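Just so it is clear, none of the values below were taken in a lab; they were calculated from the coordinates. In this text, all values refer to a predicted model and were calculated from it rather than measured experimentally. Backbone-built Cβ (ideal geometry, glycine too); neighbour counts: all protein chains shown.
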Amino acid sequence: MRFHPTLRTLVLIMAAAFVAALAAGVLADSKRISLEPEEGLFKKPLKAFKSDACSGGKCIGTEDEIVDKGKECGGTVKIEFDVATSGNYVFWGRARWPDDCGDSFYIQIDDGEKRVFGEEGTPEQWRWRKLKSVKFNLSKGEHTLYIHGREDGALLDKVILQHESDGRIPQGKSG
């Protein structure tokens, strides 16, 4: 069977667009939302850092020791996202801490309460960490994730919001 050249070209363009959308995460799993914090809107001192160890080659955070010990570093990254399947979601973040004085961020969704993400050891290693004892009840539609600076030197590479029915544990750079 032969196709008209225009139809063949149209099919090839549509296939390429589908593959590109899939790679970009636009056609992501309806119960797993993958976010790159460096693509959000920044308020200093939080900023993006280049790193080959990170998914997408970048992560967010602050320089270490920019504030006195015990003081919060501040700053915010704002990321808008869509939820396809309403329900309870668990927050996972791939993070790296310089030490136990630089091992946390605040996480907030929409106008909800700020939650402490981190505050557990294993400095100097990239690792997936779960926001413990917290599930975010998200309705279908648009939402906003805020990542607030808490302790200087903490770095965050990637975020996954995962429906509670999905028991996967993120692995590697991409989760």
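Can you list the HN-Hα couplings for region 69-83, worked out from phi with the Karplus curve (6.51, -1.76, 1.60; θ = phi - 60°), rounded to whole Hz and with x for Gly and Pro?
Along region 69-83, the couplings run 3, x, 9, 7, 7, x, x, 8, 10, 10, 10, 8, 8, 10, 10 Hz.
Would you mind classifying region 128-175 by shape? Square roots of the alpha carbon gyration tensor eigenvalues, ordered a ≥ b ≥ c; an a/c under 1.5 is rounded, otherwise it is prolate if a/b is larger than b/c and oblate if not.
Values: a/c = 1.83, a/b = 1.22, b/c = 1.49.
Oblate shape, in that a/c is at least 1.5 and b/c is the bigger or equal ratio.
Given 25 °C and 0.890 mPa s, how large is the Stokes-Einstein diffusion coefficient of region 31-163 in µm²/s, with Rh as the Kirkwood radius over Cα pairs? Don't jump to the answer; show the numbers that get you there.
Working: Rh = 14.7 Å.
For these conditions, the coefficient is 167 µm²/s.
Suppose the chain between GLU119 and SER174 were pulled fully straight at 0.36 nm per residue; how much longer would it get relative to their current alpha carbon spacing?
Working: separation 55, 0.36 × 55 = 19.80 nm, distance 2.26 nm.
That works out to 17.5 nm of additional length.
State which entries of LYS43/LYS140; LYS43/LYS158; LYS50/LYS140 exceed 29 angstrom in Cα-Cα distance in the structure shown.
Numbers: LYS43/LYS140 27 Å; LYS43/LYS158 18 Å; LYS50/LYS140 33 Å.
Violating the 29 Å Cα-Cα cut-off are LYS50/LYS140.
Trypsin sites (Lys or Arg not before Pro) within region 105-135: which are DSSP loop residues with at most 15 other Cβ atoms inside 10 Å?
On the way: sites: LYS114, ARG115, ARG127, ARG129, LYS130, LYS132, LYS135; in loops: LYS114, LYS132, LYS135.
Those satisfying the criteria are LYS114, LYS132, LYS135.
Which length gain, in nm to one decimal place, applies between LYS50 and CYS101 when the Cα-Cα distance is subtracted from 0.36 nm times their residue separation? Working shown, then result.
Values: separation 51, 0.36 × 51 = 18.36 nm, distance 2.25 nm.
Between LYS50 and CYS101, full extension yields an extra 16.1 nm.
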